[in-house]
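One structure is given below, encoded as structure tokens.
The values are calculated or read from the model by the stated rules, or taken from the named source; none is laboratory data. Quick caveat: nothing in here was measured; it's all calculated off a predicted structure. Ideal geometry is used to build each Cβ from the backbone, glycine not excepted, and the neighbour counts take in all protein chains shown. These area figures cover heavy atoms from the full protein model, side chains too; ligands, DNA and RNA do not enter into them. Shrake-Rupley method; radii C 1.70, N 1.55, O 1.52, S 1.80 Å.
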Amino acid sequence: MSNPTYLSTSSSVSELFASLGREERLVASELPVWCFKKVTDIVEGIEMRLSNMAGGYPFEFAGVNWASSEQLYLCGEFADEAIQHELRSQTSGYAAKRFIKSKYKAHVREDFPTFRLQWMLYVVWQKCIGSEAFRDKLLSISEGVILVEETTRDTGGTAQIWGCKNPELIAERRRLAQRIKRWSEANLTKKAINLKINIETNKIRNIGEFVGQNNMGKILMICRRCLLEGIEPPIDRAHLNSANITIFGNRLTF
């Protein structure tokens, strides 16, 4: 391995925290990358339901229940209380982003990029605190692997901020999926074929290069490490306090 030192689930919290905002170039053939994208992704028998969009991890914050961490995160982008209520009222993080954020894009706080990394870390940690199911999911991830949010086909401007792109890997997975569809037994149901595609394509992780900041992967690894060590993440609370974030008209203190 040409680069034996890399950030992974075994790295220290301080190392992972210091890497936030830094671009990574991860050679897949040399490193134990576990990437996640869809909530149905399965790697080494583990459902990689780690994204902000994943349901099934409700938690309480600011005196209300949140269906997903994505909805709370998106609320930080807006100062308007009415928009925040619309975001929270959606049935999923996907719906909140797809239908509400897109509608009010012009109202996003101009300074949001200056504190979004610390806000995301804070939000994901709130989900860790409030959802036993999410804690269990994070702790089920193996030691020594690199968690990467795979964003190759994402067209948004933050795709390589939160994740990494690896076009070569995705192209090979697509070819394998087509072969599985073509050669699957005729008696298999569509659901069974999709499950087979999911499992087999996620076995391919050693092709190409992952490029991007991968801040979501790093944040998840920070939170996992903190859960194991019984400590809190080193969130820059002074920075968040200076951002004057309000939720439903109430200013948050960190």
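When segment 90-122 is filtered for residues that are among the β-branched types (Val, Ile, Thr) and open to solvent by 30 Å² or more (accessible area, probe 1.4 Å), the ones remaining, listed by number, are 91, 108, 114.
Going by the conditions given, is residue 45 surrounded by fewer than 20 Cβ atoms within 10 Å (Cβ to Cβ), over 18 Å from residue 148 (Cβ atoms) and over 13 Å from the mean Cα position of the chain (by Cα)? Criteria met by residue 45.
Restricting attention to segment 147-157, does a residue exist that is in a helix (DSSP H, G or I), surrounded by 15 or more Cβ atoms within 10 Å (Cβ to Cβ) and modelled with pLDDT of 95 or more? Within segment 147-157, none of the residues are in a helix (DSSP H, G or I), surrounded by 15 or more Cβ atoms within 10 Å (Cβ to Cβ) and modelled with pLDDT of 95 or more. Within the set 31, 26, 7, 16, the sole residue that is buried (at least 18 other Cβ atoms within 10 Å of the Cβ), within 18 Å of the chain's Cα centre (by Cα) and assigned to a loop (DSSP other than H, G, I, E, B) turns out to be 7. Kindly indicate which of 77, 60, 86 is open to solvent by less than 30 Å² (accessible area, probe 1.4 Å), charged (D, E, K, R), at pLDDT 95 or above and in contact with a helix residue (DSSP H, G or I) (Cβ under 8 Å, 6 or more places away or on another chain). Exactly one of 77, 60, 86 is open to solvent by less than 30 Å² (accessible area, probe 1.4 Å), charged (D, E, K, R), at pLDDT 95 or above and in contact with a helix residue (DSSP H, G or I) (Cβ under 8 Å, 6 or more places away or on another chain), namely 77.
Quick check: is even one residue across segment 205-227 farther than 14 Å from residue 33 by Cα, over 15 Å from the mean Cα position of the chain (by Cα) and free of Cβ contacts under 8 Å to residues at least 12 places away in the same chain? No, segment 205-227 contains no residue that is farther than 14 Å from residue 33 by Cα, over 15 Å from the mean Cα position of the chain (by Cα) and free of Cβ contacts under 8 Å to residues at least 12 places away in the same chain. Summed over segment 123-143, residues that are open to solvent by 20 Å² or more (accessible area, probe 1.4 Å) and either among the aromatic types (Phe, Trp, Tyr) or in contact (Cβ under 8 Å) with a residue 24 or more places away in the chain (or both) total 10.
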